[in-house]
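Supplied in structure tokens, the structure appears directly below.
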Amino acid sequence: MDIQLQIELTILVIVVVIARVLYLIHKITTGYSKYAPKRSKPCKTIICIGSGGHTTEMLQLLKNINFNNYSPRHYVIAKTDTTSLNKVQTFEASRNSKENRDYFINKIPRSRSVGQSYITSIFTTIISILYSVPIVLRLRPDIVLCNGPGTCIPICVLSFLLKCVFVCESKIIFVESFCRTQTFSLSGKILVYIADNFIVQWPSLRSKLKRAEYIGQLM
Amino acid sequence: MKTVFVTVGTTKFPKLVDTITTLDVIKTLKNLGYDNVQIQTGKDFHKPNIDPLLKNVTVNLQEQSWAVKLLDFDVTINYNTYFDNFEEQIRKADLVISHAGAGSCLDVLRLKKPLIVVTNEDLMDNHQTELAEQLQKDKHLFFCNCNTLVDTLHKDFINLVPHPQPDKNLFSNYLDKCCGFVQ
């Protein structure tokens, strides 16, 4: 193959990929992917667990979901966050014993610990992204549930990329934290483009973004 | 006996802990009829830091906790890094003074206790003030900083309205609909 053909093919591939990404972003941001087609098979679900308040909020959201529809559940938790791990395990154990306990814990290194310097945190963030890659590739989730911790970004972006290359149809559902009444979190600002469902918990925040949904008081 | 419960959650907020034991705050609390203060101090707490203007103080160290008696005011203060019976502490309290963490605020509001949220101005990018501000606007609590605590204690808590309970099935119904389990 001569050089010119190679270059042309490369450009063609790049253009196709960009077109696909833009098409999906357009589909997502116009709300076309908000409702998935009818299904009865359970969804393989990734649940991104952050720390402290994020974990409590997430478990509050999950409190009444039908486990039979969302199974297996793969929790992604920072390695050192034993508090969140305990909360998740207690939560799963607290559900009626008849219900399925089909859940798994996936640990990734923390991208930034409290007080860590900016320079080293770039390095640790890359490490934590690299750890997320095999998890998403292996699981190919039907749903990704997240509510704002930084660790959810690589998971969501990777799921989105898999969707771009037709590997799986991951639906990304983002719930902005209850703390956010006027401004979006950094995660929210990024996920605006790739989360199929974007929920906020305050009407005042809903008015700041056309595609955000306010479905009522959740906390 | 009227009790105030002070909580800083899982973080630390030494400025709030120290503000409680200043002469002004203790005087105000006593005038309002409070004579028992329970303080959850959070991590890295080493010893009570009582305002030197408060005289006649006895300090008692127990395991992981301190009991302080202010004899002039007949006020007792109990310090604890964490209370195991956190919810019970809120239930027993007549007033809760809390840091601005969403979790702590919601716990107190769920138990329908009068609440003052004190924001930590030393925290950078403190988006938690956003929530406290909104909840104050909706009349669920009062919020202030360490310097304005005394004024806030005098506010009329009768005017606060309870935070409504969320609809438990709201999110699960929404999720089922979005994922195609319900049409």
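We did not get these values from a lab; they are worked out from the coordinates using the rules stated. If you're wondering where the values come from, they're calculated on a predicted model, not measured in any experiment. Cβ sites come from the backbone with ideal geometry, for glycine too, and all protein chains shown count toward neighbours.
Along the charge dipole of segment A:1-84, pointing to its positive end and built from +1/-1 on Cβ of Lys, Arg, Asp and Glu, which listed residue (A:Leu61, A:Thr10, A:Ser84) has its Cα farthest out?
With unit charges placed on the Cβ atoms, the residue in question is A:Leu61.
Another question, then. Kyte-Doolittle mean at least 1.0 and Cα extent at least 27 Å along the axis: which DSSP H helices of chain A qualify?
Numbers: long enough: A:3-29 (39 Å, 1.80); A:118-139 (31 Å, 1.65).
Membrane-span-like by this criterion, though nothing is claimed about a membrane: A:3-29, A:118-139.
Is segment B:123-165 best put as rounded, prolate or oblate by its Cα gyration tensor, with a ≥ b ≥ c the root eigenvalues, rounded for a/c under 1.5, and otherwise prolate when a/b is larger than b/c, oblate when not? Intermediate values should be presented prior to the final figure.
Values: a/c = 3.50, a/b = 1.17, b/c = 3.01.
In terms of gyration-tensor shape, oblate.
Check chain A for me: any Cys whose beta-carbon has no other cysteine beta-carbon within less than 4.7 Å?
A:Cys43, A:Cys156, A:Cys164, A:Cys168, A:Cys179
About its Cα centre, how strong a charge dipole does segment B:37-183 have in debye, to the nearest 20, once Lys and Arg get +1 and Asp and Glu get -1 at the Cβ?
Numbers: 14 positive and 20 negative charges, 75 e Å.
Around 360 debye, computed over segment B:37-183.
What shape does the protein assembly as shown take by its C-alpha gyration tensor, where a ≥ b ≥ c are the square roots of the eigenvalues and a/c under 1.5 counts as rounded, a/b above b/c as prolate, and the rest as oblate?
On the way: a/c = 2.32, a/b = 2.09, b/c = 1.11.
It comes out prolate by the Cα gyration axes.
Sticking with this structure for a sec: Taking 20 Å as the cut-off for C-alpha to C-alpha distance, list the pairs among B:Lys47/B:Lys113; B:Lys15/B:Lys137; B:Lys47/B:Lys155; A:Lys163/A:Lys210; A:Lys63/A:Lys107; B:Lys27/B:Lys69 that go past it. Show your work: numbers first, answer last.
On the way: B:Lys47/B:Lys113 28 Å; B:Lys15/B:Lys137 25 Å; B:Lys47/B:Lys155 31 Å; A:Lys163/A:Lys210 24 Å; A:Lys63/A:Lys107 22 Å; B:Lys27/B:Lys69 14 Å.
Correct reply: B:Lys47/B:Lys113; B:Lys15/B:Lys137; B:Lys47/B:Lys155; A:Lys163/A:Lys210; A:Lys63/A:Lys107.
Please return the longest stretch of chain A lacking exposed loop sites, where chymotrypsin sites (Phe, Trp or Tyr not before Pro) count only if DSSP places them in a loop and at most 12 other Cβ atoms lie within 10 Å.
On the way: sites that count: A:Tyr32, A:Phe166.
Maximal segment without exposed cleavage sites: A:33-165.
Also, quick follow-up: Compute the projected area of the convex hull of the Cα atoms of segment B:2-179, averaged over all viewing directions, and report it in nm² to one decimal place.
Numbers: hull surface 47.3 nm².
Here the figure is 11.8 nm², rounded to one decimal.
Related question: May I ask you to list the GluC sites (Glu not before Pro) in segment A:1-109 that are in a DSSP loop and have at most 15 other Cβ atoms within 10 Å of their Cβ?
Working: sites: A:Glu8, A:Glu57, A:Glu92, A:Glu99; in loops: A:Glu99.
Answer in residue order: A:Glu99.
Within chain B, what's the longest stretch lacking trypsin sites (Lys or Arg not before Pro) that sit in DSSP loops with no more than 14 other Cβ atoms inside 10 Å? Don't skip to the end; give the middle numbers.
On the way: sites that count: B:Lys43, B:Lys55, B:Lys112, B:Lys139, B:Lys155, B:Lys168.
Answer - B:56-111.
Give me the mean projected area, in nm² to one decimal, of the convex hull enclosing the Cα positions of segment A:31-214.
Values: hull surface 43.2 nm².
Directional mean of the projected Cα hull area for segment A:31-214 stands at 10.8 nm².
Is it possible to state the helix-based mean residue ellipticity at 222 nm for chain A, with each DSSP H run of 4+ residues giving -39500 (n - 2.57), the sum divided by total residues, to the nearest 500 deg cm²/dmol? What is it? Don't jump to the answer; show the numbers that get you there.
Values: 7 runs with 96 residues, N = 219.
When only DSSP H runs of four or more count, the value is -14000 deg cm²/dmol.
Turning to a different aspect of this structure: Can you tell me the dipole magnitude for segment B:21-72 around its Cα centre, using point charges on the Cβ only (Lys, Arg +1; Asp, Glu -1), in Debye to the nearest 20? Don't skip to the answer; put the middle values down first.
Values: 6 positive and 6 negative charges, 11 e Å.
The dipole of segment B:21-72 has a size of about 60 debye.
Order by neighbour count: B:Met1, A:Met1, fewest other Cβ atoms within 10 Å first, most last. Before the final figure, lay out each step's value.
Values: B:Met1 9, A:Met1 6.
Listed from fewest to most nearby Cβ atoms, that is A:Met1, B:Met1.
Moving on. Mind checking which of A:Ala195, A:Ala36, A:Ala78 has the largest fluctuation in a GNM of chain A, springs on alpha carbons under 10 Å?
A:Ala36
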